[in-house]
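Read through the structure below, which is laid out as structure tokens, and then see the notes.
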Amino acid sequence: MQYRRLSDTGLEVSALCLGTMTFGEQNSEEEAFEQLDMALDSGVNFIDTAEIYSIPPRQQTMGSTERIIGRWLQQRGCRDKLVIATKVAGPGRDWLPYIRGGDNRLRVIVARFERAVAEEVLPYLQETHPGASIVTEALATVPPLEPERHGAAEELARRLTGSNTTEVVAYGTEGGHFQKAGLSVVVCGPGSIEQAHKPNEFIALEQLAACEAFLGKLCDWLCSEEALA
């Protein structure tokens, strides 16, 4: 296994990172343990997870992936051998209301985390080492893509597709950067999240045909007087 330095953190991580979004939904705990064991035996020391996992996100399964990883770490006693990267949910009042009431702004999350550390974690650590401390530092942030109800991009996509509905799904895109720059943004594409992130995921041919038709209509619109005005 090859290893890479993780930016300027001083951490050395394997070139391969094990994704875990299926643990607790498409994969049972037993299967998850097998994958984690195989990864560790193969030299993988980098594990990716998130608080909303497993995927697709549901209130009933939120946190299931992290709990499975935690039980595996407890049984194997290998926490010191691994770098575990987790992620907190971004703003989601309309699709993640069960996580902090949808108020998932970074400053709110950090404040709650620091309060929990000061009240629960730090006293426990300082029983063993009085000088122990925990410092939080935001090394990088990715702006979330906020749904734009009746935004220009969404209205255009709905007009070209003939769709009257929109939905929000759980994955990151560069759209937040464009939105932050003042552009109207929508993410659309073929397929369904219900068929994604699981064994034998697929996109039906008719979905690809619909995507091709949409792109053709988009090209026609971009060449129209309305778009050029």
Those residues of region 12-33 which are surrounded by 18 or more Cβ atoms within 10 Å (Cβ to Cβ) and under 17 Å from Asp80 (Cα atoms), in sequence order:
Val13, Ser14, Leu18
Just checking, does region 185-202 include any residue being over 23 Å from Pro57 (Cβ atoms) and not assigned by TED's automatic domain parsing to the domain that holds Ala32?
no
Residue under evaluation Ile84, criteria (1) at pLDDT below 85; (2) assigned by TED's automatic domain parsing to the domain that holds Glu31, criterion not met
(1)
So Pro143, is it touching a Phe, Trp or Tyr at 6+ places or on another chain (Cβ under 9 Å) and either at pLDDT 90 or above or part of a loop (DSSP other than H, G, I, E, B) (or both):
no
Given the conditions (1) surrounded by 16 or more Cβ atoms within 10 Å (Cβ to Cβ); (2) of a type in the set (A, V, I, L, M); (3) modelled with pLDDT under 95, and given that Leu36 satisfies all but one, which numbered condition is not satisfied?
(3)
Neighbours by Cβ (under 7 Å, 6+ apart or cross-chain): first from region 173-185, among the basic types (Lys, Arg); second surrounded by 12 or more Cβ atoms within 10 Å (Cβ to Cβ) and not in a helix (DSSP H, G or I)
Lys180/Pro143
Given (1) surrounded by 10 or more Cβ atoms within 10 Å (Cβ to Cβ); (2) free of Cβ contacts under 8 Å to residues at least 60 places away in the same chain; (3) on the phi > 0 side of the Ramachandran plot, number of the condition Asn200 does not satisfy:
(1)
Taking region 154-172, which residues are part of a loop (DSSP other than H, G, I, E, B), in contact (Cβ under 8 Å) with a residue 12 or more places away in the chain and among the small types (Gly, Ala, Ser)?
Ala170, Gly172
Tally up the residues in region 40-80 that are hydrophobic (A, V, I, L, M, F, W, C), over 13 Å from the mean Cα position of the chain (by Cα) and part of a loop (DSSP other than H, G, I, E, B), please.
2
Given the criterion touching a residue at least 60 places away in the same chain (Cβ under 8 Å) and closer than 27 Å to Leu145 by Cα, identify the matching residue among Met21, Met62.
Met21
Of all residues in region 1-21, which are over 19 Å from the mean Cα position of the chain (by Cα) and under 26 Å from Lys198 (Cβ atoms)?
Ser14, Ala15
Determine the pairs where a residue that is assigned by TED's automatic domain parsing to the domain that holds Thr166 and more than 30 Å from Glu226 (Cβ to Cβ), located within region 129-153, has a partner that is at pLDDT 90 or above and exposed (fewer than 12 other Cβ atoms within 10 Å of the Cβ) with Cβ atoms under 6 Å apart, the partner being 6 or more residues away or on another chain.
none
Residues Arg58, Arg67, Arg71, Arg79: which one is touching a Leu at 6+ places or on another chain (Cβ under 6 Å), more than 20 Å from Ala138 (Cα to Cα) and among the charged types (D, E, K, R)?
Arg79
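The values are calculated or read from the model by the stated rules, or taken from the named source; none is laboratory data. Keep in mind that what you see is a predicted model, and the values were worked out from it rather than measured. Positions of Cβ are backbone-derived with ideal geometry, glycine not excepted, and every protein chain shown enters the neighbour counts.
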